[in-house]
Amino acid sequence: MPVSVPPRALSALLGLPVLLFALITWQVVADGPLVGVDERLSEALVHPDRFSELLADLGNVQVAVPVLVVALAYVAWHGRATSVDRWWLPPLAGALAMALVPALVAPLKEWTDRPGTPAVPPATGYYPSGHTATAVVAYGAATLLLLGRLRAPAVRRGLVVLCVLLVLGTSYGLVRRGYHWPLDVVASWCLGAVLLTGVRLVDRRTPPGRTPRDVSRSTRRSSSGTPSSSNGPS
């Protein structure tokens with residue numbers, strides 16, 4: 001069963017990233033004071049090496065999206081196996097969130113027209129970071145949807161830790177390698193948080209189904225002649 005999240009918490013998860021994203025975007029477009037801080041921070045952090053490049057590759061579509069596809073397939077199978085009404089909604093929400101990443105990032109890149117760091121060839125269109133947004137949504141949606149279907153607390157905690165490490169590793173690699181300015185990455189965190197909030201809202205509104213244990217018990221009761229909801233007194 002999906003973990004319950006208070007409506008106020010969900011509102012904060014949606015409102016705060018939107019405000020922060022708007023602030024960062026305004027600063028990038030207007031070349032505000034935050035851009036100067038961002039550039040100095042990048043200069044201090046950039047140190048291209050093979051390890052940072054490998055970390056940045058965690059945000060590649062070829063790496064992150066297959067992870068999400070496997071998770072969505074499991075969620076769909078689990079929903080059907082446990083007789084969940086509208087079992088297809090959570091995996092559909094995860095797939096839609098992933099599809100919205102390029103649909104949102106590409107126009108923003110063209111509009112902001114931000115140049116890259118000195119570590120990459122001269123070009124524009126670096127804001128926000130598509131690799132970061134891909135990692136946040138792919139790994140984040142997979143984690144959110146799987147959490148409600150895993151019972152062991154240790155497994156759930158391990159999954160959350162793994163997701164955080166993958167997203168932070170991707171973000172660090174992109175900045176360390178010089179592929180993106182730090183603000184490019186932070187903006188994509190905000191964008192990803194908004195999309196993941198939508199996934200969470202859909203998932204928590206999907207009615208839970210019966211667990212395999214419940215199905216097994218029901219089958220045993222029916223086969224032994226014990227009245228069940230289908231043949232018992234109304």
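Computed quantities for the displayed model
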item	result
Size of charge dipole - region 46-156 - debye, nearest 20, with Cβ of Lys, Arg +1 and Asp, Glu -1, no other charges	500
Ordering of 176-183, 20-27 by packing [mean C-beta count within 10 Å, highest first]	176-183, 20-27
Qualifying trypsin sites (Lys or Arg not before Pro) for region 21-109 [loop in DSSP, other Cβ within 10 Å: at most 12]	Arg86
Pairwise Cα inverse-distance average, inverted: Kirkwood Rh of region 131-196 (Å)	12.3
Two-site FRET efficiency, Leu54 against Leu168, from Cβ-Cβ distance with R₀ of 22 Å, rounded to 0.05	0.95
Convex hull volume per residue for region 21-105, taking Cα atoms only, in Å³	135
Rg/Rh ratio calculated on Cα atoms of region 45-180 (Kirkwood radius)	1.05
Theoretical gain in end-to-end length, Ala154 to Asp31 [0.36 nm per residue, Cα-Cα removed]	39.7 nm
Selected from Pro48, Gly32, His78, residue furthest toward positive end of dipole (region 1-158; charges at beta carbon)	His78
Packing-based ranking, highest mean first, of 141-150, 128-137 given that Cβ atoms within 10 Å are counted	128-137, 141-150
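No value in this document is a laboratory result; all are computed from the given coordinates. Not measured: the values here are computed from a predicted model. Cβ atoms come from the backbone with ideal geometry, glycine included; neighbour counts cover every protein chain shown.
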